[in-house]
Amino acid sequence: LDRSTREVELGLEYGTPTMNLAGQSLKFENGHWVSESGSFLGDRRELQRLRKRNQQLEEENNLLRLKVDILLDMLSETTAESHLMEKELEELRQHSQRKK
């Protein structure tokens, strides 16, 4: 049964779910927990600091991904060159054995 049907048929009125967490009173509205006093974290400076740190970590993560991509490209290039050198060496060995 949905909420309105339960209220009509069973006479149940539960109200909005609420909880108290770390001194903050929270209520569940529209699928999200919202502070009844306005700001859940309370300290806007702390929220700003966390957002700035998150941005720094995202930038660092992007830089590290770029470095990994560059290293993989370098590894691929070196591997290809190595295979070419091995092939040339094998051809030179075969050519040298034919002359003997």
Need the failing condition index for GLU9 against (1) part of a strand (DSSP E or B); (2) at pLDDT below 75, just the number. (1)
Would you confirm whether any residue within segment 93-100 is of a type outside the set (Lys, Arg), surrounded by 10 or more Cβ atoms within 10 Å (Cβ to Cβ) and either in a helix (DSSP H, G or I) or in contact (Cβ under 8 Å) with a residue 24 or more places away in the chain (or both)? no
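The values are calculated or read from the model by the stated rules, or taken from the named source; none is laboratory data. The structure presented is a predicted model; accordingly, all values stated were derived computationally and were not measured. We place every Cβ from the backbone using ideal geometry, glycine too, and count neighbours over all the protein chains shown.
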